[in-house]
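The values are calculated or read from the model by the stated rules, or taken from the named source; none is laboratory data. Values in this document were obtained by computation on a predicted structure and should not be read as measured data. Virtual Cβ from ideal backbone geometry, glycine too; neighbours counted across all protein chains shown. Just the protein is used for accessible areas: all its heavy atoms, side chains included, with ligands, DNA and RNA removed. Shrake-Rupley method; radii C 1.70, N 1.55, O 1.52, S 1.80 Å.
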Amino acid sequence: MGRTIRFGVSLDSDLLEKFDALCDDRCYQTRSEAIRDLIRNTLVQQEWEDTDREIAGTLTIVYDHHKSDLAQRLTEIQHDHHGIIITSLHVHLDHHNCLEVLVLKGPGAEVRALSQRLISTKGVKHGKLSLTTTGQDLT
C-alpha cells in the first residue's frame with residue numbers, strides 16, 4: 001500500500017450536500033472513505049472491460065426443476081466449465097422452484113459467456129450476473 005496523500009476537491013454546494021447525504025445513508029464515517037470506494041468501484045468497472053483479465057463474480061439463477069431435463073442440462077453446462085466455477089449453492093425455494101448461486105472466477109469473456117449460456121437456457125426463469133474484482137490490483 002502506498003502512502004496517503006491529501007488533495008482538495010472543488011464541488012458545487014448542492015452536489016456536496018447530496019454527497020454528504022449519501023455518505024450518511026451508507027454509514028461512511030468520512031468523505032474520504034466514500035471517495036475511496038467510488039474510485040475503487042470505477043477501477044473495478046474498468047477491469048470488467050478487459051475481456052482477458054481475470055475477474056470474479058456470482059451468477060444467480062432461478063428455475064423450475066420440473067421442466068423437462070432442465071436440471072440435467074444446467075448440470076452438464078456447469079460440468080463443461082468446472083475450471084471457471086469455484087463452487088455452487090443449490091436452494092429449494094418451494095416445491096417447483098430452485099435457486100442456484102455459482103461463484104465464478106476466470107477471464108472476463110469466459111465468465112460472461114458461461115453466465116449468458118446458463119441464463120439463456122430454456123426454462124431458466126431469471127438470471128443475474130454480479131461481477132467483482134479478484135482484488136489483486138486494489139489497495
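If the condition is being among the charged types (D, E, K, R), open to solvent by 70 Å² or more (accessible area, probe 1.4 Å) and modelled with pLDDT under 85, then the stretch 34-49 contributes only 49.
Residues are listed down the side, and each one gets a yes or a no for (1) open to solvent by 70 Å² or more (accessible area, probe 1.4 Å); (2) farther than 23 Å from residue 132 by Cα:
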site	(1), (2)
9	yes, yes
32	no, no
52	yes, no
86	yes, no
97	no, yes
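Selection within the stretch 105-139: residues that are part of a loop (DSSP other than H, G, I, E, B) and small (Gly, Ala, Ser). The member of this set that is modelled with the lowest pLDDT is 135. Checked against (1) closer than 28 Å to residue 2 by Cα; (2) of a type outside the set (Ser, Thr, Tyr); (3) in contact (Cβ under 8 Å) with a residue 40 or more places away in the chain, residue 118 passes all but a single condition, namely (1). Residue pairs whose Cβ atoms lie under 6 Å apart, separated by 6 or more positions or on different chains, with the first residue in the stretch 67-82 and closer than 11 Å to residue 114 by Cα and the second assigned to a loop (DSSP other than H, G, I, E, B) and of a type outside the set (Lys, Arg), do not occur.
Give 111, 103 a once-over and let me know the one that is open to solvent by 30 Å² or more (accessible area, probe 1.4 Å) and aliphatic (A, V, I, L, M).
The conditions single out 103.
Taking the listed residues 52, 12, the one that is closer than 19 Å to residue 111 by Cα and over 15 Å from the mean Cα position of the chain (by Cα) is 52, with no other qualifying. Of all residues in the stretch 47-81, those satisfying the criterion of being among the β-branched types (Val, Ile, Thr), assigned to a strand (DSSP E or B) and closer than 20 Å to residue 95 by Cα are 60, 61, 62. Taken together, 28, 63 contain a single residue that is more than 30 Å from residue 119 (Cβ to Cβ) and surrounded by 11 or more Cβ atoms within 10 Å (Cβ to Cβ), which is 28.
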